[in-house]
Amino acid sequence: MIVGLDMGGTHVDAAIIDRGNIIDVAKTLTDRSDLFGSIWDALDHLLSGKDMSTIEHINLSTTVSTNAIVEGKTAPVGMTIESGPGMDPSFLSCGQENIFITGYVDHRGREIKPIILDEIREAAYRFRQNGIKACAVVTKFSIRNPMHEIQIKRMLEDEFCPVTLGHTISGKLNFPRRVFTSYLNSAVYDVFKGFCGSFKQVMEKKKINVPVNVLKADGGTICLDAAREYPINTVLSGPAASLLGASAFNRDNKDAVFLDIGGTTTDISFVADGVPLFEPLGITIGPYPTLVRAIYSVSIGLGGDSAIHVEKGELTIGPRREGLPMALGGPAPTPSDAMIALGLLNFGEKGKAISAMKRVGEQMGMDAMAAAETVYEKMGDIIKQKVDNLLADINSRPVYTVKELLYGKKLKPEYVSIIGGPARAIAPVLERKFNLPCRVPENYEVANALGAALAKITAEITLLADTAAGVLSVPEVGIYDRVDRNFTLDMARQKALELLKEKAAILGAEGSEIEPEITEESCFNMVRGFYTSGKNIRIRAQVKPGLQCELRGGNYA
Amino acid sequence: MLKAKNRLGLVFFPAFDWAISSTHPEREERLLYTQDQVFEEGIADVEGIKFINPGMATEKDVQRVHFCVPDVTSRVTESHLISAGGAIKAAEAFMEREVDKAFAIVRPPGHHAQRVVFGDRGFCIINIEALMLENIRQRFGHRRIAIVDTDCHHGDGTQDIYWNDRDTLYISFHQDGRTLYPGTGFIDEFGGPAAMGYNINIPLPPETGEEGFLYVLDNLVMPILEEYKPDLVVNSAGQDNHYTDPITNMNFTAQGYAKLNHRLNPDIAVLEGGYSIEGALPYVNLGIILAMAGLDYSHVKEPDYDPGKLKQSPRTTEYIKKLCETIYQRWRKKEDIARDALKTLNGREYVARIRNIYYDTDGIMEEQTQKFKVCPRCSGLNTIHSRSDWGYEIFAVSIPRDACPACIEEGYKIYKETPEGKYFKIYLQDRVNDIYMSQ
């Protein structure tokens, strides 16, 4: 059996699953002042009376790191940044202390200028003077040659912890994002480490001895120990849990829109051929674009409780929530009131909902029911319009080859999956607007917990072999090695898949569940003068994201 | 994150799956390191910079500019249409005010492609800037346009296409044709009878550096542009004046290119040549992107950048100063020069332009005679009679954008009356009505 737990802003949801069958679920309120206690509340509910020996592992989706960032409860970080030539790097100052050093590595990973040891000593001195413990070191093109980062770490690691190195975060090129991601990782390190420690303590006390995995924003998991080193990967995992859960009810290989409609917001995601669509580079956390791989999810300020206003005959819904629907005694008319008035939802006082709609109607010169219809239609229009805009964006993402430009995949949804409170009430209007079938799963209220439970270990690696320079680098696993001149694309594929399996195993994956795949590959002939001097081989491989097992049905009590 | 001062549209299309041949300078690898640099800098995250995919130019886009022998489909590959389509997309984003400026980093280049196309010259088959400009003139209305070509090679294709068009001022900086392909671009190549003075060549001596290029820009190009008052400025941003370029002999730098672009302040830039794929392109392209976006480019420097070593000799400086003065005086006196030239016509209606054109990439030699009608009401009907050494002989009639009714009528008459069978193919290009035919 697997336990899945998703900590949201208002609820903690937990579920136990056995070979695809939902055995039991629990839901408790989130206490923002005691996130840790909230998790154990839900787990205690769920696990009471269960045979612990049958539990394989626990998957957690937590907001610990996210909340630390949002609430500014992060550690001060000392940044050592080597920017080389390019953009003015001053906008990268994200730490409490930011030391810009003069070394320089170019786009092929060649060292152009070495690091100056005195600059690093000076950096250490400034960090020490400011009482900083957490550091991050990021150099431009470190994924092509991590030696400067490694050298600097050796000088800092005895005194500072953690020392996050940019090249270990991601194999993708994007220096500013690498700086911000490394910063955030060091900034939340202590908070998350504290959480891990407490969690293990309680487990010991309760004599629960099973592996614990943490959900990442890309919908995969990593074991608690790996998460402790790279806690930044655990931020914003909620939308991933929700999408995974919803996709558990929709097992096919089609393109689709996934909507999670709540009280305040609607989250929009997509699946392409049944696989969740990712952010191209990484998720944005507060003001920081990062390299944290994440499921693509866009939130709009439109939900059941969004406030409705009419100005000069023009109806607006959201983006703010001003309180409960009027049917529940709230201050402003809401879409929920409209749907209650129309008989599509059934809670609160219908009379109050109708008078809410009357109020809206008076400003628009129509009766209450017509106003309710107008609100209902408008909700559908807003969502459809937003989804269309996102699709247009996604389908015009930059491509770099003739083949992709002419024959590349275009996302074309064949159905809409809707979860969340008003899902069933809103499905009919969306079905009309999208002219696509809308699916509302039976047990959508447990989707998030289910998503967490069904998530599996994911990992990604980036291999670059430059046979002209004789260098092989795989930054995510710390490989920077010599490579033979005769290294081929095929050998590179093999190597990438092997390394990926190793990495996944370290992250907690068991052999059978690893499905490695090559996601990108290219091989360029390098010509200098009129002769071929080598090959530039680039490969990206991942453990195929998705669900651990099929969901069979919702036969829980 | 950073915010760009100018909203910049970037069509970045490295065509990683296309090459002329596997070891040709125009190969898959050409923009690989540029992409690495652009990605690593996080350009895509700068607020206001937008990546735009190229479209595909159409057959009609090509016919507006070229006479392809035997036809568009057999001469032009998908990659060429995408490169031109990329330039068109960039210009479209600019014209629709979606962005303040646009830069098309596309390949293959186009500025050696002339009006008649028998094959590939100087790695070019179709002129991507010309396709772009004629496309937007067709869709967005007429524009007075200046093209400033900063490629190291003379843009003989662009010169040919706009030879007799005074609404398109063509200014080319390049290494002196006596020392480099294509061997043209001298100051006396000054434009056709209707546009004399509107084709300006600036042949620079080998080893011209930052100082020389910026001198030419400040003391010659900018004053001319001020007088010309274009609606639109396009930079043909070839990057082979760079000191590391393997097939040229100049000493220009990334800083220099960025400064040049910044001062020129073009609305649209289009990449042309540039084959120092590791040492120059990543830095030059980055410099131009930052300059166009209105961001600080002062930190963009090549690994081996050494201003002392790249300083040009006083002799070169002196030569360039004199050259600029000569060219500027010719520009000022263009009306007189045109009047004198017309006096020599002695009542003939047509001015002939006779040339041999070599297609270096494909090894074709073309013999060509263009005839421009001297018309008091428009820039004049013109014809091309051309024969390649592969045996094709063609005749083309071209009615310019501003043609008067008489020239239009005459154009159709010549086209219809040219006996079939005399040529391999006969073409009619009616720019007034955007109609293209051949028989």
Does at least one position in the stretch A:96-111 carry a residue that is within 28 Å of the chain's Cα centre (by Cα), within 14 Å of chain B (Cβ to nearest Cβ) and not aliphatic (A, V, I, L, M)? no
*Quick check: anything in the stretch A:53-66 in contact (Cβ under 8 Å) with a residue 24 or more places away in the chain, surrounded by fewer than 24 Cβ atoms within 10 Å (Cβ to Cβ), within 14 Å of chain B (Cβ to nearest Cβ) and not acidic (D, E)?*
no
- request: For the stretch A:182-205, state whether one or more residues are polar (S, T, N, Q), in contact with a Leu (Cβ under 8 Å, 6 or more places away or on another chain) and under 30 Å from A:F270 (Cα atoms).
  value: yes
| Filter result for A:L391 (within 30 Å of B:Q35 (Cα to Cα) and surrounded by 15 or more Cβ atoms within 10 Å (Cβ to Cβ)) | yes
A:G380 passes all but one of the listed conditions (1) at pLDDT 95 or above; (2) among the small types (G, A, S); (3) not in a helix (DSSP H, G or I); the exception is number (3)
A:D106 fails exactly one of (1) without any contact (Cβ under 8 Å) to a residue 24 or more places away in the chain; (2) of a type outside the set (G, A, S); (3) within 30 Å of B:M292 (Cβ to Cβ), namely (1)
Considering the stretch A:129-155, residues that are surrounded by fewer than 20 Cβ atoms within 10 Å (Cβ to Cβ) and touching a residue at least 40 places away in the same chain (Cβ under 8 Å), and then whichever is nearest to B:Y33 (Cα to Cα), we arrive at A:M147
For helices (runs of 4 or more DSSP H) lying entirely in the stretch B:199-295, having 2 or more residues that are within 14 Å of chain A (Cβ to nearest Cβ) picks out B:254-264, B:281-293
Residues of the stretch B:296-322 being buried (at least 20 other Cβ atoms within 10 Å of the Cβ) and assigned to a helix (DSSP H, G or I), in sequence order, are B:I320
Among helices (runs of 4 or more DSSP H) completely within the stretch B:58-152, the ones holding 2 or more residues that are surrounded by 23 or more Cβ atoms within 10 Å (Cβ to Cβ) and either within 14 Å of chain A (Cβ to nearest Cβ) or hydrophobic (A, V, I, L, M, F, W, C) (or both) are B:78-95, B:128-140
Only one of B:D45, B:D36, B:D61 is under 30 Å from B:P400 (Cα atoms) and either assigned by TED's automatic domain parsing to the domain that holds B:T244 or touching a Cys at 6+ places or on another chain (Cβ under 9 Å) (or both), namely B:D61
When the stretch B:296-316 is checked residue by residue, the ones that are away from chain A (no Cβ under 12 Å) and hydroxyl-bearing (S, T, Y) are B:S313, B:T316
Per the filter on the stretch B:36-45, residues more than 7 Å from chain A (Cβ to nearest Cβ) and either without any contact (Cβ under 8 Å) to a residue 24 or more places away in the chain or within 26 Å of the chain's Cα centre (by Cα) (or both) are B:V38, B:A44
In the set A:A332, A:A371, the lone residue that is assigned by TED's automatic domain parsing to the domain that holds A:P428, in a helix (DSSP H, G or I) and in contact with a helix residue (DSSP H, G or I) (Cβ under 8 Å, 6 or more places away or on another chain) is A:A371
Cβ pairs under 8 Å, 6+ apart or interchain, first in the stretch A:248-260 and closer than 18 Å to A:N448 by Cα and surrounded by fewer than 24 Cβ atoms within 10 Å (Cβ to Cβ), second at pLDDT 95 or above and aromatic (F, W, Y), ordered by first then second residue, are A:N250/A:Y415
Among helices (runs of 4 or more DSSP H) entirely within the stretch A:61-178, at least 1 residues that are at pLDDT 95 or above and not assigned by TED's automatic domain parsing to the domain that holds A:E520 occur in A:117-129, A:147-156
When every residue in the stretch A:406-453 that is part of a loop (DSSP other than H, G, I, E, B) and without any contact (Cβ under 8 Å) to a residue 12 or more places away in the chain is compared, the one farthest from A:H11 (Cα to Cα) is A:G408
Screening A:V202, A:V214 for residues that are modelled with pLDDT under 90 and either touching a strand residue (DSSP E or B) at 6+ places or on another chain (Cβ under 9 Å) or farther than 23 Å from A:I418 by Cβ (or both) leaves only A:V202
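Yes/no per residue for (1) assigned by TED's automatic domain parsing to the domain that holds A:S170; (2) free of Cβ contacts under 8 Å to residues at least 40 places away in the same chain; (3) in a helix (DSSP H, G or I); (4) among the small types (G, A, S):
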site: A:A468; (1), (2), (3), (4): no, no, no, yes
site: A:D481; (1), (2), (3), (4): no, yes, no, no
site: A:A496; (1), (2), (3), (4): no, no, yes, yes
site: A:K501; (1), (2), (3), (4): no, yes, yes, no
Those residues of the stretch B:257-267 which are among the hydrophobic types (A, V, I, L, M, F, W, C) and touching a Gly at 6+ places or on another chain (Cβ under 9 Å) amount to B:A258
Of (1) touching a strand residue (DSSP E or B) at 6+ places or on another chain (Cβ under 8 Å); (2) farther than 18 Å from A:F278 by Cα; (3) assigned by TED's automatic domain parsing to the domain that holds A:G343, A:A425 satisfies every one except (1)
Determine if the stretch A:521-539 includes at least one residue that is away from chain B (no Cβ under 14 Å), in a strand (DSSP E or B), surrounded by 16 or more Cβ atoms within 10 Å (Cβ to Cβ) and at pLDDT 90 or above. yes
Reported set for the stretch A:67-89 where residues are surrounded by fewer than 18 Cβ atoms within 10 Å (Cβ to Cβ) and acidic (D, E) is A:E71, A:D88
Of the residues that make up the stretch B:5-28, is at least one at the interface with another protein chain (Cβ under 7 Å from one of its Cβ atoms), of a type in the set (F, W, Y) and assigned to a loop (DSSP other than H, G, I, E, B)? yes
Exercise. Out of all the residues in the stretch A:166-173, is one or more within 12 Å of another protein chain (Cβ to nearest Cβ), within 25 Å of the chain's Cα centre (by Cα), charged (D, E, K, R) and more than 18 Å from A:V474 (Cβ to Cβ)?
Worked result: no
In the stretch A:540-557, anything charged (D, E, K, R) and modelled with pLDDT of 90 or more is listed as A:R540
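The values are calculated or read from the model by the stated rules, or taken from the named source; none is laboratory data. None of these values were measured; they are calculated from a predicted model. Here Cβ is always computed from backbone atoms with ideal geometry, including for glycine, and neighbour counts include all displayed protein chains.
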